[in-house]
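Let me begin by presenting the structure, written as structure tokens, before commenting on it.
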Amino acid sequence: MNFDFLKDLRGLGYVYENCCNAEKLAVAMPVQSVFTSRKSAELLAKFLYMAAHNQEMENLSFADILSDITVRRFVNSRDVMDAFHFIRKSGNRAVHGSEEESVDDAIAVLQDLHYIAGETACILGLIDDYPLFEDR
């Protein structure tokens, strides 16, 4: 599984479970996969918020967290922030849109989820590197 590198990381067990569920659903239920990926990304964003602010999470939306200047500076990567936004928008579209998400859509979202999960773990100092995404 692509997200095994998260399994034993302090505080990321719940994120690991959600990421694995999103991966398992990608082919059979791509809409649910995209939605679950969005939930996982939001959890990661909350971890980044708490680390950036060195305090417990306020009652902010996912979009508010991603637009927070302290979080943006803490992450210090346009590519990571763009990936977070892509997952957020894809998840919103999966929940509220009239179009069905395809397997390819779900895999594209999973690739970005893998990227932000790995980068978040690196930013938080939990790992030095993570494996490449396998889209088998």
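Values for this structure:
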quantity	calculated
Of all residues making up segment 1-15, the number that are more than 20 Å from residue 86 (Cβ to Cβ) and either surrounded by fewer than 17 Cβ atoms within 10 Å (Cβ to Cβ) or under 10 Å from the mean Cα position of the chain (by Cα) (or both)	9
Criterion (touching a His at 6+ places or on another chain (Cβ under 6 Å) and either over 30 Å from residue 27 (Cα atoms) or open to solvent by 30 Å² or more (accessible area, probe 1.4 Å) (or both)) met by exactly one of 133, 86	133
Which listed residue is β-branched (Val, Ile, Thr) and more than 18 Å from residue 35 (Cα to Cα), from 127, 107, 116, 87	127
Residue check, residue 34 more than 15 Å from residue 123 (Cβ to Cβ), aliphatic (A, V, I, L, M) and touching a helix residue (DSSP H, G or I) at 6+ places or on another chain (Cβ under 6 Å)	yes
Count of segment 8-26 residues which are assigned to a loop (DSSP other than H, G, I, E, B) and modelled with pLDDT under 95	5
Residues of segment 16-38 satisfying the condition of being crowded, with 19+ Cβ neighbours inside 10 Å and under 18 Å from residue 97 (Cβ atoms)	22, 25, 26, 30, 31, 33, 34, 35, 36, 37, 38
Selected residue (only one of 120, 70 is open to solvent by less than 70 Å² (accessible area, probe 1.4 Å), within 20 Å of residue 6 (Cα to Cα), among the hydroxyl-bearing types (Ser, Thr, Tyr) and in contact (Cβ under 8 Å) with a residue 12 or more places away in the chain)	120
First in segment 39-65 and under 19 Å from residue 92 (Cβ atoms) and in a helix (DSSP H, G or I), second anywhere and among the hydroxyl-bearing types (Ser, Thr, Tyr) and at pLDDT 95 or above, Cβ under 7 Å, 6 or more apart	44/120; 65/49
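The values are calculated or read from the model by the stated rules, or taken from the named source; none is laboratory data. The shown structure was predicted, so the numbers you read here are calculated from the model rather than taken from an experiment. Don't worry about glycine lacking a Cβ; one is built from the backbone with ideal geometry, like all the others, and counts go over all protein chains shown. To get the accessible areas, we keep the full protein, side chains included, count just its heavy atoms, and leave off ligands, DNA and RNA. Shrake-Rupley method; radii C 1.70, N 1.55, O 1.52, S 1.80 Å.
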